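Just so you know, all these numbers are worked out from the coordinates, no wet-lab data involved. From a predicted model like this one, the values you see are computed outputs, not experimental measurements. Every residue, glycine among them, receives a Cβ derived from its backbone with ideal geometry; neighbour counts consider all protein chains shown.
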Amino acid sequence: MKFKYISLLLLATFFFNVSFAQDKEKKEEKKGYVFTDKIIVPHTSVKNQYRSGTCWSFSGIGFIEAELLRTQGKEYDLSEMFCVNHTYSDKATKYVRLAGHLNFGPGAEFADVFRVIKLYGLVPDTVYSGLNYGTDKHVHGEMDAVLKNYVDAIIKNKNRKLTPVWHKGFDRVLATYLGELPKKFTYEGKEYTPESFRDMTGINADDYVEFTSYTHHPFYKPFPLAIPDNWLWAESMNVPLTEMMEIIDNALENGYTVAWGADVSDKGFSWKNGVAIIPDEERPDLSGTEKERWEKLTEKEKRAAMYKFDGPVKEKVITQEMRQKHYDDYEVTDDHGMLIVGIAYDQKGNKYYKVKNSWGTEGHIYKGYFYASVPYVELQTIGIAVHKDAIPKKIRKKCGIK
């Protein structure tokens, strides 16, 4: 009898341990990603572009705000719509001159922000919010459609000759939706123009350099990226992939943020989970019974498992050739502008970049931020912009940047 009781006790203990181990495994599976921030560069709060295609302005202005924190130690809330208005207006002129053979819409690039600052200045958001149409958030669907129809009608031109006032009419439509552009305004008790306000901040648009990394143009020379939103045909300095990543790291390690243009349409990007990854679907990091289970899955099941975002997975090793192929095959596009503000690591020691987005904070796991893995940034980056002093000296010399 004693032996029977001992056997029952051992059996109960065995099932308890198995049950405990299974519960522990389930809890670990549900743990997801755990990030530890190692570097966070001072920057301003997350904004919300809402239903407008103006990420380029929100990220570019956020970049300038971070620069002012760095140089002045003062927080500014600058107007994104000031850049949007001027960019739309100048884009209309070029679109009409090219008889419509140009991408016309709300999209643009970081170069547009620098250009507007250089030509027209800066203004605070309190002076020009661009919310002149009855909402407290940016909703541009109607305005975008009206502006596009306007310039298309000018090009079609039933008069057979352009009137000298067509552009004034275009600007009036912009002013109706976004408000009149300020010529003078008062800020903290002093009167400014947009140009004098820019000069007061000390921002010099010529201090910023854009970089990319593709092999169809020579390295260490600038070229205009052939992407639809680059209506300016602005040039980016071309460097090898390893050096583009070195520029990002050097900037963050020395207190500079990085304006980041990338593709977030990839299935490895999950806003819900606050993470962007490039899983290695062909060579997952598996062993033992985990490997046995994996090999029994169908290809569809394997792909689904790699994108569950329930914890760190093995990611692809990204090469220069892979970047080029993605660009050539339209697998990567000029999709979204954001701001890289830091470096973090997950629970397995993998490195990520902390990214400030412009989709607001409400209901989001990381309150408007997400973490992009090194492979994701290597593969999905279209281009970056940094202050020239954030560029490593050896790279700066190779590029001829003074």
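With an 8 Å cut-off on Cα pairs and a minimum separation of 6 or more residues, tell me the relative contact order of the chain in percent.
On the way: 666 pairs, mean separation 96.0, N = 402.
Across the chain, relative contact order equals 24 percent.
Loop-located trypsin sites (Lys or Arg not before Pro) across the stretch 172-276 with a Cβ neighbour count of 12 or fewer within 10 Å are LYS183, LYS184, LYS267, LYS272, with loop assigned by DSSP. A Förster radius of 35 Å, combined with the Cβ-Cβ distance separating HIS217 from LEU162, puts the computed FRET efficiency at roughly 0.45.
So if R0 is 30 Å, what FRET efficiency would LYS300 and VAL34 give, r being the distance between their Cβ atoms, rounded to the nearest 0.05? Numbers along the way, then the final one.
Numbers: r = 29 Å, r/R0 = 0.96.
The formula returns an efficiency of 0.55 here.
Consider all pairwise Cα distances in the stretch 26-135 and report the whole-number % of them above 22 Å. Value for the stretch 26-135: 45 percent of Cα pairs lie more than 22 Å apart.
Seen against the Cα atoms of the chain and their longest principal axis, helix 55-72 is set at about 90 degrees.
For TYR307 and ASN204, a Förster radius of 35 Å and the Cβ-Cβ distance give a FRET efficiency of 0.20, rounded to the nearest 0.05. With 0.36 nm allotted per residue and the present C-alpha distance subtracted, the LYS348-TRP271 stretch has 25.6 nm of extension available. Taking the convex hull of the alpha carbon positions in the chain and averaging its projected area over all directions gives 27.3 nm².
Within the stretch 301-355, the ratio Rg/Rh, alpha carbon atoms throughout and Rh by Kirkwood, equals 1.01. By the helix-only formula, in which each DSSP H run with n ≥ 4 contributes -39500 (n - 2.57) and the sum is divided by residues, the chain has a 222 nm mean residue ellipticity of -13000 deg cm²/dmol.
Take 305-315, 131-141 and order them by the average number of nearby Cβ atoms within 10 Å per residue, most first; the result is 305-315, 131-141. Please tell me which of these pairs span more than 24 angstrom C-alpha to C-alpha: LYS161/LYS184; LYS74/LYS356; LYS300/LYS348; LYS118/LYS393? In this structure, LYS161/LYS184; LYS300/LYS348; LYS118/LYS393 lie more than 24 Å apart at Cα. Cross-link partners for LYS398 among the aspartates and glutamates, with Cα-Cα distance under 16 Å and sequence neighbours closer than 8 places in the same chain left out: GLU210, GLU243, GLU246, ASP389.
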